[in-house]
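Have a look at the structure below, then the notes.
The values are calculated or read from the model by the stated rules, or taken from the named source; none is laboratory data. Computed from a predicted structure; not experimentally measured. Here Cβ is always computed from backbone atoms with ideal geometry, including for glycine, and neighbour counts include all displayed protein chains. Side chains are part of the model used for accessible areas, which takes the heavy atoms of the whole protein and leaves out ligands, DNA and RNA. Shrake-Rupley method; radii C 1.70, N 1.55, O 1.52, S 1.80 Å.
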Amino acid sequence: MSVVTVQLGQCGNQVGQEFFEVISNDANDRQRKAYGECSTEQFFNETTNGDLVARAVLVDMETKVISQSVAKAAKSGKWRYGEHSHFSQKQGSGNNWANGYCVHGPRHEELVVDLVRKEVERCDRLAGIIAMMSVAGGTGSGVGTYATQCLRDTYPNSFILNHLTWPYGTGEVIVQNYNSVLTLSHLYQLSDAILVHENDTVHKICAKLMNIKQISFSDINKVIAHQLGSVLQPALTGDSNGVYNKNPIGELMSSLVCHPEYKLLSVCNIPQVSSSSMVYSTFTWLGLLKHLRQMLISNAKMEEGIDWQVRAPCHQSGWLERTKSHRRNGFNTSLANLLILRGKDVYNAEIGGFQDPTLYTSWLPAVEAFSMWKTPVPFNKYEKSATLVSNSQALLQPLDYMVGKAWNMFASRAYVHQYTKFGISEEDFLDSFTSLEQVISSYSQL
């Protein structure tokens, strides 16, 4: 089964290109044939000449980034984008969600849907669609939301996973919180799951773990691509009987999204070190999983700066008492977790700490809330690596902060006229705020 990726806007296209670069490098090892073949089938179409062509559609309202992505892919010599799988214009969306959603999206709907349809027709079986986009600008967020809506209408029975990059909290665009609120509220009705990377978190990983002095968006995109690859590359699921998982999107959904009110997924990966440090680093499964579990319960996004004082509540205490304790001591309650282990001695890893019922909400048994995938094949040069995809309260604080900032601007009607002139009314804003307040309330009560 194959996955079609739709790269939208500057961020989506840059992250997408790095993602395919990671996938192609990881699958290119001839010593692991079954793994490589499974990865290639999922993400690439192999031509009669043996060329690997990404199962991807590139969309932007400006030509520059798409041209750069296509050129970088061809230069790698390992894979490329399809010659007719991209669409761009010469006029951007001006960092305005309404311009992307109300103007550019409808204007180019037929062309974009047709490009995706052609890519889907090249698949023997479609496992799902991944839409990669930012929530801060105009094309990624506005056109991306409209494109997701069109894909949901065209493929009502297919899985759609939206990968979102959240902007820096200090701000890249003055109206980024408006764009983010409008994007998230709409996608919550359309997408099967929303996997989020925060620029602030990834920036810290680059600075503190990768030891990068002058951090560029390329560095950030490489970290995001590495984490995405660690989730989506082939692995053995609990019931796969030694055969690599053919449907990563479907398995991801069934493991993590058990209720339509809870669709926000976060991801953390361990270890992450600079290439120069990797040579001198040794890791044990015991150490990696101890750190990863504490990262989960204390909501630390990387292994540096973990709060080791946060503890899981006593299993014997009542639900109300446990809930109060959670909120008091900064405990991150989970709805569901997926642990993915890759590398040497993976079958000796002890994962009991992630099956602890006190980590999870009271209304879902831990046996249903926890899933694990594994493979003895190392990923992206790491001898051992562990990735945790979590449907938990991890994104509650940044979501609440984003909605609060947007509401403060809306209360004074700042910049609202820039949206109403393209057809977004004040009632549309209020509907979006109401929708996200409900999401915040639901996650707060886990």
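Summary of computed values
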| quantity | calculated |
| --- | --- |
| Filtered residue count, the stretch 12-41, keeping only those that are open to solvent by 30 Å² or more (accessible area, probe 1.4 Å) and over 13 Å from Gly229 (Cα atoms) | 10 |
| Flag if Leu335 is over 19 Å from Ala136 (Cα atoms), at pLDDT 95 or above, surrounded by 14 or more Cβ atoms within 10 Å (Cβ to Cβ) and not polar (S, T, N, Q) | yes |
| Residue list for the stretch 177-204, restricted to those being in contact with a strand residue (DSSP E or B) (Cβ under 9 Å, 6 or more places away or on another chain), within 17 Å of Lys405 (Cβ to Cβ) and of a type in the set (S, T, N, Q) | Asn179, Ser180, Thr183, Asn199 |
| Options Ser441, Ser371: the member that is part of a helix (DSSP H, G or I), farther than 20 Å from Leu190 by Cβ and not acidic (Asp, Glu) | Ser441 |
| Members of the stretch 42-69 that are within 23 Å of Leu8 (Cα to Cα) and open to solvent by 20 Å² or more (accessible area, probe 1.4 Å) | Asn45, Leu52, Glu62, Thr63, Lys64, Ser67, Gln68 |
| Filter pass, Glu110 being open to solvent by 20 Å² or more (accessible area, probe 1.4 Å), farther than 30 Å from Tyr415 by Cβ, modelled with pLDDT of 95 or more and not aliphatic (A, V, I, L, M) | yes |
| Residues being of a type in the set (Val, Ile, Thr), touching an Asp or Glu at 6+ places or on another chain (Cβ under 9 Å) and closer than 30 Å to Trp363 by Cβ - total across the stretch 389-435 | 1 |
| Any hit, the stretch 177-186, residues being under 15 Å from the mean Cα position of the chain (by Cα), under 18 Å from Lys263 (Cβ atoms) and modelled with pLDDT under 95 | no |
| Residue match in the stretch 341-351 (condition: closer than 20 Å to Pro167 by Cα, open to solvent by less than 20 Å² (accessible area, probe 1.4 Å) and in a helix (DSSP H, G or I)) | no |
| Total residues in the stretch 259-270, condition touching a residue at least 12 places away in the same chain (Cβ under 8 Å) and part of a loop (DSSP other than H, G, I, E, B) | 4 |
| Condition check for Gly137: touching a helix residue (DSSP H, G or I) at 6+ places or on another chain (Cβ under 9 Å), within 19 Å of Gln14 (Cβ to Cβ) and open to solvent by less than 60 Å² (accessible area, probe 1.4 Å) | yes |
| Conditions (1) in contact with a helix residue (DSSP H, G or I) (Cβ under 7 Å, 6 or more places away or on another chain); (2) buried (at least 21 other Cβ atoms within 10 Å of the Cβ); (3) farther than 24 Å from Thr183 by Cα; (4) of a type outside the set (S, T, N, Q): number failed by Lys374 | (2) |
| Among the residues listed as Lys78, Lys72, the single one being open to solvent by 60 Å² or more (accessible area, probe 1.4 Å), out of contact with any strand residue (DSSP E or B) (no Cβ under 8 Å at 6 or more places or on another chain), of a type outside the set (Val, Ile, Thr) and over 22 Å from Gly128 (Cα atoms) | Lys72 |
| Cβ-Cβ under 8 Å pairs, at least 6 apart or on other chains, the stretch 424-443 side in contact (Cβ under 8 Å) with a residue 24 or more places away in the chain, far side open to solvent by less than 30 Å² (accessible area, probe 1.4 Å) and outside any helix (DSSP H, G or I) | Phe429/Val416; Val439/Leu264; Ser442/Tyr262; Tyr443/Tyr262; Tyr443/Leu264 |
| Given (1) in contact (Cβ under 8 Å) with a residue 12 or more places away in the chain; (2) assigned to a helix (DSSP H, G or I); (3) more than 29 Å from Thr361 (Cβ to Cβ); (4) out of contact with any strand residue (DSSP E or B) (no Cβ under 8 Å at 6 or more places or on another chain), index of the condition Ile212 fails | (2) |
| The stretch 434-445, residues that are among the hydrophobic types (A, V, I, L, M, F, W, C) and open to solvent by less than 10 Å² (accessible area, probe 1.4 Å) | Leu436, Val439 |
| Hits in the stretch 215-241 - residues which are part of a loop (DSSP other than H, G, I, E, B) and open to solvent by less than 40 Å² (accessible area, probe 1.4 Å) | Gln233, Pro234, Ala235, Thr237, Ser240 |
| Lone unmet requirement of (1) without any contact (Cβ under 8 Å) to a residue 24 or more places away in the chain; (2) open to solvent by less than 10 Å² (accessible area, probe 1.4 Å) for Leu256 | (1) |
| Residue in the stretch 393-413 that is touching a helix residue (DSSP H, G or I) at 6+ places or on another chain (Cβ under 7 Å), buried (at least 17 other Cβ atoms within 10 Å of the Cβ) and under 30 Å from Leu236 (Cα atoms) present | yes |
| Condition met for Val273 (assigned to a loop (DSSP other than H, G, I, E, B), modelled with pLDDT of 85 or more and either in contact with a Phe, Trp or Tyr (Cβ under 8 Å, 6 or more places away or on another chain) or small (Gly, Ala, Ser) (or both)) | no |
